[in-house]
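Asker: Provided herewith is a single structure, encoded as structure tokens, for subsequent inquiry.
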Amino acid sequence: MCASSLYRRLRTKKQFLMAEVRAKKALGQHFLTDLNIARKIATALSGGTTEKPDKVLEVGCGMGVLTQFLLQREDIVTYGAEIDSESVEYLHAHYPEFAPRLSEGDFLKMDLRAVYGDKLKIIGNFPYNISSQIFFKVLENRDIVPECVGMIQKEVAVRLAEPPGSKEYGILSVLLQAWYDIEYLFTVGEKVFNPPPKVKSAVIRLVRNGVTKLDCDEHLFIKVVKASFGQRRKMIRNSLKAVFGNFGGSEHRFFTMRAEQLSVADFVELTNWVEDNRQ
């Protein structure tokens, strides 16, 4: 038997032995099984050109259901970040051409600029238990991440895309909408996952808006937003005073409102007022 035939037989045997990765509850894994949905997610992300493809990072590659469709695209170059060593081994066996661009480790701890450079799009069937943390990571790297497509719990997707005035509108809604346009793309049922989650999922797309810098201190903006939502359903006066003090008795016109009523522009105005009036 020639060496190439032996290699093919060994590779086939390894793939057979690794027919499926066991989903781990601790990692929030729910493997997508519907190929049509995987294809829709893969095509929801914009690309570059065949001559100059965009760099894309898939977070949580699992068994490669989404990966396979990303690898078929010639307008992107796909990289992967996977924390589960069993999934990494599976991907190495089934997608050997992808292995050199697959990193085993925690996406949340990665220095994205150092590893991938100045421009990186992000995509994935995000683990439910860290989906919000993934979006905070995107936010921290907003200067290099122009677009993100992710499948997450439906309730989280709704929250991120909601406008002011909704009870679902919250901290991450404001912070992401300050720098990204957010689009709710479609809902995904429970039965297309293994194991099936107890809730529906949804796919959303974030595209960097034209804001390069907010018209306020951005670090203080984040602090003001978090403080305002710190005592939900309370007036902003009470929430801000708990963090910044009583502002020497000064009042702002938003003080009698609740945080979920304020737009991004309102929070920018409030941030500038806090900076001028805090003691």
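Bear in mind that the values in this text are calculations on the coordinates, not laboratory data. Everything numeric in this text was worked out from a predicted model, so none of it was measured. Quick reminder, even Gly has a Cβ in these numbers, built from the backbone with ideal geometry, and neighbours come from all protein chains shown.
Asker: What's the magnitude of the charge dipole for segment 3-208 around its Cα centre, counting Lys and Arg as +1 and Asp and Glu as -1 at the beta-carbon? Answer in Debye, nearest 20.
Answerer: I would put it at about 540 debye.
Asker: How big, on average over all directions, is the shadow cast by the Cα convex hull of segment 3-208, in nm²?
Answerer: 12.2 nm²
Asker: Before anything else, pin down the relative contact order of segment 218-277: Cα pairs under 8 Å, at least 6 apart, normalised by residue count, whole percent.
Answerer: Details: 52 pairs, mean separation 24.9, N = 60.
41 percent.
Asker: Amide H of Phe31: which non-local residues (sequence gap of 5 or more, or other chain) have their own amide H closer than 5 Å, using H built in the peptide plane?
Answerer: Here the answer is Asn194, since their amide H atoms fall under 5 Å of that of Phe31.
Asker: Can I ask one more? Ranked from highest to lowest mean number of other Cβ atoms within 10 Å per residue, what is the order of the peptides 220-228, 235-243, 99-107?
Answerer: Answer by packing, highest mean first, reads 220-228, 235-243, 99-107.
Asker: Around Thr187, under 9 Å between beta carbons, what's the net of Lys plus Arg minus Asp minus Glu among the other residues?
Answerer: So the environment of Thr187 carries a net charge of +2.
Asker: Still on this structure: Quick one: angle between helix 3-17 and the longest Cα principal axis of the chain, in degrees between 0 and 90, rounded to 10, please.
Answerer: 50 degrees
Asker: Nearest 500 deg cm²/dmol is fine: what mean residue ellipticity at 222 nm does the chain get from its DSSP H runs of n ≥ 4 alone, each adding -39,500 (n - 2.57), divided by its residue count?
Answerer: -11000 deg cm²/dmol
Asker: Local charge sum around Glu155 (other residues, Cβ-Cβ under 15 Å, Lys/Arg +1, Asp/Glu -1)?
Answerer: +2
Asker: Under 5 Å between amide hydrogens, which residues at least 5 positions from Leu57 or on another chain qualify, with H placed 1.01 Å from N in the peptide plane?
Answerer: Tyr79, Lys121, Ile122, Ile123
Asker: Can you give the relative contact order of the chain as a percent, counting alpha carbon pairs under 8 Å and 6+ residues apart?
Answerer: Relative contact order here is 15 percent.
Asker: In what sequence, highest mean first, do 61-68, 84-91, 250-257 appear when ranked by Cβ atoms within 10 angstrom?
Answerer: Order by mean packing, descending: 61-68, 84-91, 250-257.
Asker: Tell me, what is the FRET efficiency for Asp215 and Val243 to the nearest 0.05, using R0 = 25 angstrom and their Cβ-Cβ distance as r?
Answerer: 0.70
Asker: Rounded if a/c is under 1.5, else prolate if a/b is larger than b/c, else oblate: which is segment 99-203, with a ≥ b ≥ c the root eigenvalues of its Cα gyration tensor?
Answerer: On the way: a/c = 2.19, a/b = 1.20, b/c = 1.83.
Oblate, because a/c is 1.5 or more while a/b does not exceed b/c.
Asker: Further question: Please turn the phi angles of segment 62-73 into ³J(HN,Hα) values with the Karplus equation 6.51 cos²θ - 1.76 cosθ + 1.60 (θ = phi - 60°), one per residue in order, whole Hz, x for glycine and proline.
Answerer: x, 9, x, 4, 7, 3, 4, 7, 5, 5, 6, 7
Asker: Please give the contour-minus-distance gain from Ser46 to Arg232: 0.36 nm per residue of separation, less the Cα-Cα distance, rounded to one decimal in nm.
Answerer: Separation in residues times 0.36 nm, less the Cα-Cα distance, equals 63.3 nm.
Asker: Using +1 at the Cβ of each Lys and Arg and -1 at the Cβ of each Asp and Glu in the chain, identify which of Pro127, Tyr116, Leu102 lies farthest towards the dipole's positive end.
Answerer: Ranked along the dipole, the leading option is Pro127.
Asker: Further question: What does the net charge come to around Glu104 if you take all other residues with beta carbon closer than 13 Å to its beta carbon, with K and R at +1 and D and E at -1?
Answerer: -3
Asker: While we're on this one: Given the convex hull over the Cα atoms of segment 218-277, what projected area results after averaging over all orientations, in nm²?
Answerer: 3.4 nm²
Asker: Follow-up. Can you find, among Ile83, Ile37, Val59, the residue sitting farthest towards the positive end of the charge dipole of segment 26-113, where Lys and Arg contribute +1 and Asp and Glu -1 at Cβ?
Answerer: Ile37
Asker: Sticking with this one: Using alpha carbon centroids, what distance separates segment 71-141 and segment 217-279, in Å?
Answerer: Comparing the Cα centres of segment 71-141 and segment 217-279, I get a distance of 36 Å.
Asker: How large is ³J(HN,Hα), in whole Hz, for each residue of segment 241-247 in order, when computed from phi with the Karplus curve 6.51 cos²θ - 1.76 cosθ + 1.60 and θ = phi - 60°, using x for Gly and Pro?
Answerer: Using θ = phi - 60°, the values come out as 5, 5, 9, 10, x, 9, 6 Hz.
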